[in-house]
Amino acid sequence: MPASSLSGVAARLIARYGAPMLLSKTGTPGYDPATGTVTGTPAEIEIPGIVESIEAAFVGGLVQAGDLLVTLCGEDLAEARPAPGDRLRIDGRWHDVVSVTAAAAGTAPLLFRLLVRR
C-alpha cells in the first residue's frame with residue numbers, strides 16, 4: 001500500500017474516532033534589547049487525536065504515573081511536527097509533551113505518538 005494511502009487511512013480513522021485537541025507549538029523566542037523582554041508567540045493547531053492511558057506496569061524511567069500516550073495524524077502536522085516542550089490541551093487541560101516518536105513511510109510521517117504529562 002502506498003504511503004499516501006496509509007496516511008489517508010490514518011487521517012480518516014483519527015478524525016472519526018479521535019477527540020479534539022489543541023497543540024501549542026513553542027514559538028522561537030526572540031530577545032528585544034530595547035525592552036529587555038523575550039518575545040515569541042506559540043502557534044496553536046486544532047487537531048484530533050486518540051488518547052490512551054499507560055498501564056502501571058510501564059511506569060518507571062521516562063514514564064510517570066498519570067502520563068498519557070496520544071496518537072496524532074502525521075498528515076495533519078506535516079508543517080508543524082510536535083516536539084518535546086510543546087503543550088497539548090485535552091478536555092480543557094494542558095499537558096506537556098515529554099517525548100515524540102514518528103511512524104513514517106519514507107520521509108512522510110504517518111503518525112506521531114506523544115508521551116504527555118500534566
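The values are calculated or read from the model by the stated rules, or taken from the named source; none is laboratory data. Just so we're clear, the structure is a prediction, and the values are computed from it rather than from any experiment. Methodologically, a virtual Cβ is constructed for each residue, glycine included, from the backbone with ideal geometry; neighbour enumeration extends over all protein chains shown.
Only one of (1) buried (at least 18 other Cβ atoms within 10 Å of the Cβ); (2) at pLDDT below 90 is not met by residue 80, so which one is it? The number of the failed condition is (1).
Based on this model, can you work out whether residue 38 counts as in a strand (DSSP E or B) and more than 17 Å from residue 100 (Cβ to Cβ)? Please lay out each step first, then the result.
On the way: in a strand (DSSP E or B): yes; more than 17 Å from residue 100 (Cβ to Cβ): yes.
For residue 38, the condition - in a strand (DSSP E or B) and more than 17 Å from residue 100 (Cβ to Cβ) - is met.
As a summary of the residue check, residue 89 satisfies the conditions (1) among the basic types (Lys, Arg); (2) part of a strand (DSSP E or B); (3) exposed (fewer than 12 other Cβ atoms within 10 Å of the Cβ) except for the one numbered (3).
Test residue 98 against the stated conditions and say whether it is on the phi < 0 side of the Ramachandran plot and either of a type in the set (Ser, Thr, Tyr) or crowded, with 18+ Cβ neighbours inside 10 Å (or both). So residue 98 fails the test.
Of the listed requirements (1) among the small types (Gly, Ala, Ser); (2) in contact with a Gly (Cβ under 6 Å, 6 or more places away or on another chain); (3) assigned to a loop (DSSP other than H, G, I, E, B), residue 49 misses just one: (3).
Against the condition surrounded by fewer than 14 Cβ atoms within 10 Å (Cβ to Cβ) and more than 29 Å from residue 107 (Cβ to Cβ), how does residue 33 come out, does it pass?
Values: surrounded by fewer than 14 Cβ atoms within 10 Å (Cβ to Cβ): yes; more than 29 Å from residue 107 (Cβ to Cβ): yes.
When the stated conditions are applied, residue 33 passes them.
Inspection of the range 64-77 identifies no residue that is at pLDDT 75 or above, surrounded by 12 or more Cβ atoms within 10 Å (Cβ to Cβ), part of a strand (DSSP E or B) and of a type in the set (Gly, Ala, Ser).
Residues in the range 63-91 that are of a type in the set (A, V, I, L, M), within 21 Å of residue 27 (Cα to Cα) and without any contact (Cβ under 8 Å) to a residue 40 or more places away in the chain: 78 only.
As for the range 2-21, it holds at least one residue that is in contact with a Lys or Arg (Cβ under 9 Å, 6 or more places away or on another chain), surrounded by 15 or more Cβ atoms within 10 Å (Cβ to Cβ) and modelled with pLDDT of 95 or more.
Selection of the range 57-85 for residues being aliphatic (A, V, I, L, M) and under 20 Å from residue 11 (Cα atoms) yields 69, 70, 72, 77, 78, 80, 83.
Give the residues of the range 92-116 that are assigned to a loop (DSSP other than H, G, I, E, B) and either within 15 Å of residue 24 (Cβ to Cβ) or in contact with a strand residue (DSSP E or B) (Cβ under 6 Å, 6 or more places away or on another chain) (or both), sorted by residue number.
92
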